[in-house]
Amino acid sequence: PFDTVAVYLATALNAPCLVLLYTWLSGIEGEPLKDPVYPPASGLWILCGYGRFGKAVYQHLKTQGVELVVVEAEPGLTGTPPGGGVIGRGTEAETLEQARIDRAVGLVAGTDDDANNLSILMTAKQMNPKLFLVARQNHLDNQELFEAVGAQIVMHPSTIIAERIRVLLATPLLSEFETYARYRDHEWACELISRIAALVEDRVPEVWEVTIDTDQAQAVCTATEQGSPLVLAELLRDPRDWATALPAIALMLVHKSERTLLPEARVTLRRGDRVLFCGSGLARARMEWTLQNDHALAYVQTGESHSPGTLWTWGSRTLGGRSRRRR
């Protein structure tokens, strides 16, 4: 968890849109979208606490070329960074003055004691109101206190672990996507979050995986065997209105050992392929219908409705009702 927090902060310095993308995609569907944060990428940062958390933050910020001053109360136990640091807890004004708080742009309160971290934040904020504040929160019971102190970023290690486990269990491809997206630039991430925001307005999108097999895509497998393979653009059409695109984006395509981020619409989906999508709950429900129903699949591929009878009529009504309930 400490390394995850450190990577998050280091990435936010130079690619805030990339951090926002991770936050949106790993959030709980339906919750309000979080706003981006913009930690200052240049200038002096003060790091209070040089335990496991502090060491991880120090290492990753240093790789970004950040100027750092470390404040540590027990350097004999934790060690000191190259070049040493300031001895103290950071709760005292004198200690922060030695760390040159007057010219600092950011501060990380990263000790293993919530009372000390809150005191550090309050003292630092009084001495330099323009500081960008990052806090380590060790106990959930103190949530309201950390919210009141006004830190721009609050990190709870146990919550981070729980969120990672949830993502790995529910959508394992999302973790892979995040790993590969890390190598893309800030502009790429900004464009993608703009596209996502246009689909889901101000709520966290739903994220789901599709595997082209007989369990999740029976109709597609049957059509492929009959010589009518499915193109990604067709899967993203509304099975109730051929001319309308579903409010969804294909984030990643996995074909054998090859991973493709934001695959092109004309790519053909093959048996065994896995696709990671994000979008609205309505899009997911209607896409599932296309994947499993022969008539829905034929309609999105050709634009022609062959009036399959009561099953398709009932399915359309059910699908519409389900979508409304999901929303």
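The values are calculated or read from the model by the stated rules, or taken from the named source; none is laboratory data. Keep in mind that this is a model prediction, so the values were computed, not measured. In this analysis, Cβ positions are derived from the backbone assuming ideal geometry, glycine residues included, and neighbour counts consider all displayed protein chains. Protein only, heavy atoms only, side chains kept; ligands, DNA and RNA dropped before computing areas. Shrake-Rupley method; radii C 1.70, N 1.55, O 1.52, S 1.80 Å.
Say whether the condition of being in contact with a Phe, Trp or Tyr (Cβ under 8 Å, 6 or more places away or on another chain), in a loop (DSSP other than H, G, I, E, B) and among the β-branched types (Val, Ile, Thr) is met by at least one residue in region 35-43.
no
Based on this model, can you work out whether residue 93 counts as surrounded by 21 or more Cβ atoms within 10 Å (Cβ to Cβ) and of a type in the set (Gly, Ala, Ser)?
When the stated conditions are applied, residue 93 does not pass them.
Any chance you could count how many residues in region 34-47 are at pLDDT below 90 and open to solvent by less than 40 Å² (accessible area, probe 1.4 Å)?
Residues that pass the stated criteria total 1.
(1) of a type outside the set (D, E, K, R); (2) out of contact with any Phe, Trp or Tyr (no Cβ under 6 Å at 6 or more places or on another chain); (3) within 22 Å of residue 128 (Cα to Cα): which one isn't true of residue 22, the others all being true?
Against the list (1) of a type outside the set (D, E, K, R); (2) out of contact with any Phe, Trp or Tyr (no Cβ under 6 Å at 6 or more places or on another chain); (3) within 22 Å of residue 128 (Cα to Cα), residue 22 comes up short only on (3).
Residue pairs, Cβ under 9 Å, 6 or more apart or interchain, first in region 170-188 and within 16 Å of residue 263 (Cβ to Cβ) and of a type in the set (Phe, Trp, Tyr), second part of a helix (DSSP H, G or I) and at pLDDT 90 or above. List them.
What qualifies is 177/25; 188/17; 188/18; 188/181.
For region 259-271, give me the residue count where each residue is within 23 Å of residue 191 (Cβ to Cβ), open to solvent by less than 60 Å² (accessible area, probe 1.4 Å) and touching a residue at least 24 places away in the same chain (Cβ under 8 Å).
Qualifying residue count, region 259-271: 5.
Are any residues in region 180-210 touching a Gly at 6+ places or on another chain (Cβ under 9 Å) and closer than 13 Å to residue 250 by Cα, and if so, which ones?
196, 199, 205, 206, 207, 208
When residues of region 1-57 are filtered for being among the aliphatic types (A, V, I, L, M) and farther than 30 Å from residue 75 by Cβ, how many remain?
Looking only at that region, the number is 9.
Which of the following residues is closer than 20 Å to residue 194 by Cβ, hydrophobic (A, V, I, L, M, F, W, C) and not in a strand (DSSP E or B): 298, 283?
Going through 298, 283 in turn, just one is closer than 20 Å to residue 194 by Cβ, hydrophobic (A, V, I, L, M, F, W, C) and not in a strand (DSSP E or B): 283.
Output the residues belonging to region 96-121 that are closer than 17 Å to residue 50 by Cα, open to solvent by 10 Å² or more (accessible area, probe 1.4 Å) and β-branched (Val, Ile, Thr).
111
When you go through (1) part of a helix (DSSP H, G or I); (2) in contact (Cβ under 8 Å) with a residue 24 or more places away in the chain; (3) open to solvent by less than 60 Å² (accessible area, probe 1.4 Å) one by one for residue 133, which number turns out not to apply?
Only one criterion is unmet by residue 133, namely (1).
Quick check, is residue 16 closer than 15 Å to residue 186 by Cβ, surrounded by fewer than 18 Cβ atoms within 10 Å (Cβ to Cβ) and touching a helix residue (DSSP H, G or I) at 6+ places or on another chain (Cβ under 9 Å)?
Considered against the rule, which asks whether it is closer than 15 Å to residue 186 by Cβ, surrounded by fewer than 18 Cβ atoms within 10 Å (Cβ to Cβ) and touching a helix residue (DSSP H, G or I) at 6+ places or on another chain (Cβ under 9 Å), residue 16 comes out as no.
Identify the single condition in (1) within 17 Å of residue 70 (Cα to Cα); (2) in contact with an Asp or Glu (Cβ under 8 Å, 6 or more places away or on another chain) that residue 25 does not satisfy, given that it satisfies every other one.
(1)
Do you know which of the residues in region 272-290 that are of a type outside the set (A, V, I, L, M) and more than 22 Å from the chain's Cα centre (by Cα) is surrounded by the most Cβ atoms within 10 Å (Cβ to Cβ)?
Top of the filtered list is 286.
Taking residue 6 and the conditions (1) surrounded by 22 or more Cβ atoms within 10 Å (Cβ to Cβ); (2) of a type in the set (Gly, Ala, Ser); (3) at pLDDT 90 or above, which numbered condition does it fall short on, given that it satisfies the others?
Every listed condition holds for residue 6 apart from (3).
So, in region 59-90, of the ones that are farther than 21 Å from residue 130 by Cα and aliphatic (A, V, I, L, M), which residue ends up least open to solvent (accessible area, probe 1.4 Å)?
Among them, the one singled out is 86.
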